[in-house]
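The values are calculated or read from the model by the stated rules, or taken from the named source; none is laboratory data. Only a predicted model underlies this, so the values are computations on that prediction, with no experimental measurement involved. Here the Cβ positions follow ideal geometry from the backbone for every residue, glycine too, while neighbour counts run over all protein chains shown. These area figures cover heavy atoms from the full protein model, side chains too; ligands, DNA and RNA do not enter into them. Shrake-Rupley method; radii C 1.70, N 1.55, O 1.52, S 1.80 Å.
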Amino acid sequence: MTFADLVAPLDSAVFQSSYWGVQPVHIPAPPGGRGALLDWARFAELLGVGAHWTASNLKLILNSRPIVPDFYLDGDATMPIEARRVDPARVDVFLGMGASLVANDIERIAPEIRDWTQMLGEQFAALTNANVYCSFKGVQAFATHFDVHDVFAVQCEGEKVWRVYQNRADAPLVAPHGGEEVQRQIDAARGPLLAEVRMRPGDVLYLPRGCYHDALAQDGASLHVTFAVAPLTGITLLRVLETEARRDPQFRAYLEDARVDAGQPLAAQLHALATRLGELAASPLVRDAVIDAQRARIRPTHAFTLPQRPALESYARTQRPARIDWRDSGMVLLTQSGAHPLGTFGAVAEYALSRPALSAQELRARFAHVPVAEHAALIALLVRERLFERYTPEM
């Protein structure tokens with residue numbers, strides 16, 4: 001599955017330029033279908049993976065209200081809730097009453113769905129997950145709401161009518177929660193109906209974050225998968241700036257006393273700090289840190305090679321001195337031969353220098369979001385500067 005496959009027959013470049021983050025779009029299944037993502041039999045099989053399902057990742061909703069987990073969890077009610085698992089028989093009772101079932105993070109136990117979340121993560125440098133929604137004719141699981149991430153909903157079985165409203169929350173970071181009064185405020189804020197979309201198997205509905213919507217199953221049971229896509233926001237810059245500012249003595253200094261000279265010394269100091277923050281925000285150092293944070297949003301997959309035992313490429317730290325220096329131009333490795341720019345893999349170098357020994361595989365596992373080529377370039381630099389030397393561990 002590629003992103004082009006997901007949005008076909010809509011051209012992926014058109015989607016990126018005209019819809020991503022801008023407006024919702026309904027993408028009917030292409031001729032011949034989109035390929036089976038999830039059917040009833042496979043969903044039932046996944047629900048049978050009992051150890052996975054807890055109160056945190058399986059929800060039941062009846063009449064737009066969540067059912068208290070105690071009613072469908074096994075074990076003693078005095079046990080910690082995280083130690084209890086979902087009781088399938090009790091869940092079935094609520095399904096018989098018409099409750100909707102929400103199965104969160106299903107990609108953790110379904111490799112075929114994990115392929116989709118991985119693809120979307122790579123496409124948008126985003127944190128992604130997949131939730132499955134099972135609902136029944138005429139039952140509305142959720143009242144009108146908006147999500148704080150972008151959504152790709154893929155209809156798998158049955159049909160569902162989505163109502164999308166004209167108004168949109170402005171780049172929300174949190175969604176309102178509460179009782180009937182909060183819901184009345186949401187209903188008032190959603191505005192008039194923008195579109196009513198009937199989703200059939202293979203159809204995709206894209207909703208940018210903040211879009212008010214609700215949905216209702218039609219003509220029997222409905223099964224769809226919602227992929228949440230959450231790239232980093234500008235708030236990330238503030239976190240990165242705080243980390244870098246802690247290394248700058250200007251920011252570690254005490255603030256001037258605002259009671260002295262009508263606060264003029266403090267005003268001058270704050271102005272100087274603001275100027276320094278602006279310099280940092282525009283620096284390659286911060287840019288590289290943000291790039292690293294974006295890469296870390298993507299959850300890489302790993303396949304075991306059993307029964308073959310992985311061969312480790314091991315290195316031992318030598319006694320030669322070296323240290324990391326943080327400069328506005330970026331992180332550099334200072335060795336006896338000079339300064340070596342590290343770019344976006346500075347954090348990997350910092351970890352490596354803290355270890356008496358390591359393997360290339362350990363670095364790639366710990367910093368799996370860093371491209372393999374950058375791992376190789378760093379190891380080559382460490383060996384060339386004789387900071388590490390290759391060795392064969394005793395077995």
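Can you tell me how many residues in region 326-364 are open to solvent by less than 40 Å² (accessible area, probe 1.4 Å), assigned to a strand (DSSP E or B) and either touching a Leu at 6+ places or on another chain (Cβ under 8 Å) or in contact (Cβ under 8 Å) with a residue 24 or more places away in the chain (or both)?
Adding up the residues that qualify gives 9.
Identify all residues within region 64-100 that are assigned to a loop (DSSP other than H, G, I, E, B), under 26 Å from the mean Cα position of the chain (by Cα) and within 16 Å of residue 44 (Cα to Cα); write none if there are none.
none
Could you list, in sequence order, all residues of region 298-325 that are in contact (Cβ under 8 Å) with a residue 24 or more places away in the chain and within 30 Å of residue 113 (Cα to Cα)?
First, pick out the residues of region 298-325 that are in contact (Cβ under 8 Å) with a residue 24 or more places away in the chain: 298-302, 310, 312-318, 320, 322-324.
298, 299, 300, 301, 302, 310 - these are the residues of region 298-325 that are in contact (Cβ under 8 Å) with a residue 24 or more places away in the chain and within 30 Å of residue 113 (Cα to Cα).
Out of curiosity, is residue 392 open to solvent by less than 50 Å² (accessible area, probe 1.4 Å) and not hydrophobic (A, V, I, L, M, F, W, C)?
Numbers: open to solvent by less than 50 Å² (accessible area, probe 1.4 Å): no; not hydrophobic (A, V, I, L, M, F, W, C): yes.
Taking the combined requirement at face value, the residue does not satisfy it.
Please state which one of 356, 310, 371, 321 is more than 30 Å from residue 275 (Cα to Cα) and touching a helix residue (DSSP H, G or I) at 6+ places or on another chain (Cβ under 7 Å). Show your work before the answer.
On the way: 356 fails: touching a helix residue (DSSP H, G or I) at 6+ places or on another chain (Cβ under 7 Å); 371 fails: touching a helix residue (DSSP H, G or I) at 6+ places or on another chain (Cβ under 7 Å); 321 fails: touching a helix residue (DSSP H, G or I) at 6+ places or on another chain (Cβ under 7 Å).
Going through 356, 310, 371, 321 in turn, the sole match is 310.
What number of residues within region 194-208 are among the hydrophobic types (A, V, I, L, M, F, W, C) and open to solvent by 80 Å² or more (accessible area, probe 1.4 Å)? So that I can check it myself, show each step before the final result.
Here is the first cut: in region 194-208, the ones among the hydrophobic types (A, V, I, L, M, F, W, C) are 194-195, 197, 199, 204-205, 207.
When the remaining residues are screened for being open to solvent by 80 Å² or more (accessible area, probe 1.4 Å), the result is 194.
The number of residues fulfilling the criteria is 1.
Looking only at region 209-230, how many residues end up being closer than 22 Å to residue 124 by Cα and open to solvent by 50 Å² or more (accessible area, probe 1.4 Å)?
Of the residues in that region, 1 qualify.
Do you know which of the residues in region 108-136 that are buried (at least 18 other Cβ atoms within 10 Å of the Cβ) and small (Gly, Ala, Ser) is modelled with the lowest pLDDT?
Ranking the qualifying residues of region 108-136, first place goes to 135.
Rundown of residues vs (1) at pLDDT 95 or above; (2) open to solvent by 20 Å² or more (accessible area, probe 1.4 Å); (3) of a type in the set (Ser, Thr, Tyr), yes/no style:
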| site | (1), (2), (3) |
| --- | --- |
| 232 | yes, yes, no |
| 239 | yes, yes, no |
| 245 | yes, no, no |
| 262 | no, yes, no |
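Between 174, 139, which is free of Cβ contacts under 8 Å to residues at least 40 places away in the same chain and open to solvent by 20 Å² or more (accessible area, probe 1.4 Å)?
Values: 139 fails: free of Cβ contacts under 8 Å to residues at least 40 places away in the same chain.
Just one listed residue meets the conditions, 174.
Which residues, counting only those in region 182-193, are in a loop (DSSP other than H, G, I, E, B) and either open to solvent by 50 Å² or more (accessible area, probe 1.4 Å) or among the aliphatic types (A, V, I, L, M) (or both)? Reasoning before the result, please.
In the first step, residues of region 182-193 are kept if they are in a loop (DSSP other than H, G, I, E, B); the result is 190-192.
Within region 182-193, 190, 192 meet the criteria.
Which one of the conditions (1) more than 18 Å from residue 1 (Cα to Cα); (2) not in a strand (DSSP E or B) does residue 31 fail to meet, given that it meets all the rest?
(1)
One residue is enough: does region 374-389 have a residue meeting the conditions over 13 Å from residue 322 (Cα atoms) and assigned to a loop (DSSP other than H, G, I, E, B)?
No; the residues of region 374-389 include none that is over 13 Å from residue 322 (Cα atoms) and assigned to a loop (DSSP other than H, G, I, E, B).
Which of (1) modelled with pLDDT under 95; (2) closer than 30 Å to residue 234 by Cβ; (3) among the aliphatic types (A, V, I, L, M); (4) loosely packed, with under 12 Cβ neighbours inside 10 Å is the odd one out, the single condition residue 298 does not satisfy?
Single failed check for residue 298: (4).
Kindly indicate whether any position in region 162-181 is assigned to a helix (DSSP H, G or I) and more than 20 Å from the chain's Cα centre (by Cα). Give the derivation first.
So in region 162-181, the residues assigned to a helix (DSSP H, G or I) come out as 180-181.
Now restrict to residues that are more than 20 Å from the chain's Cα centre (by Cα): 180-181.
Yes, the conditions are met somewhere in region 162-181.
Please name all residue pairs, on different chains or six or more residues apart, with Cβ atoms under 9 Å, provided the first residue is in region 214-225 and is over 15 Å from residue 61 (Cα atoms) and the second residue is at pLDDT below 85 and of a type in the set (Phe, Trp, Tyr).
Listed pairs, sorted by first residue: none to list.
May I ask you to verify whether residue 27 is open to solvent by less than 50 Å² (accessible area, probe 1.4 Å), closer than 27 Å to residue 200 by Cβ and touching a Ser or Thr at 6+ places or on another chain (Cβ under 7 Å)?
Numbers: open to solvent by less than 50 Å² (accessible area, probe 1.4 Å): yes; closer than 27 Å to residue 200 by Cβ: yes; touching a Ser or Thr at 6+ places or on another chain (Cβ under 7 Å): no.
No: the conditions fail for residue 27.
Being within 29 Å of the chain's Cα centre (by Cα), hydroxyl-bearing (Ser, Thr, Tyr) and under 30 Å from residue 394 (Cβ atoms) narrows it down to one of 305, 344, 301, so name that one.
Numbers: 344 fails: under 30 Å from residue 394 (Cβ atoms); 301 fails: under 30 Å from residue 394 (Cβ atoms).
Residue meeting the stated conditions: 305.
Just give me the residues in region 43-86 being loosely packed, with under 12 Cβ neighbours inside 10 Å, under 27 Å from residue 155 (Cα atoms) and aliphatic (A, V, I, L, M), in sequence order.
Those that are loosely packed, with under 12 Cβ neighbours inside 10 Å, under 27 Å from residue 155 (Cα atoms) and aliphatic (A, V, I, L, M): 44, 51.
Name the pairs: first residue in region 368-380 and of a type in the set (D, E, K, R), second residue open to solvent by less than 50 Å² (accessible area, probe 1.4 Å) and part of a helix (DSSP H, G or I), Cβ to Cβ under 8 Å, at least 6 apart or on different chains?
374/343; 374/344; 374/345; 374/348
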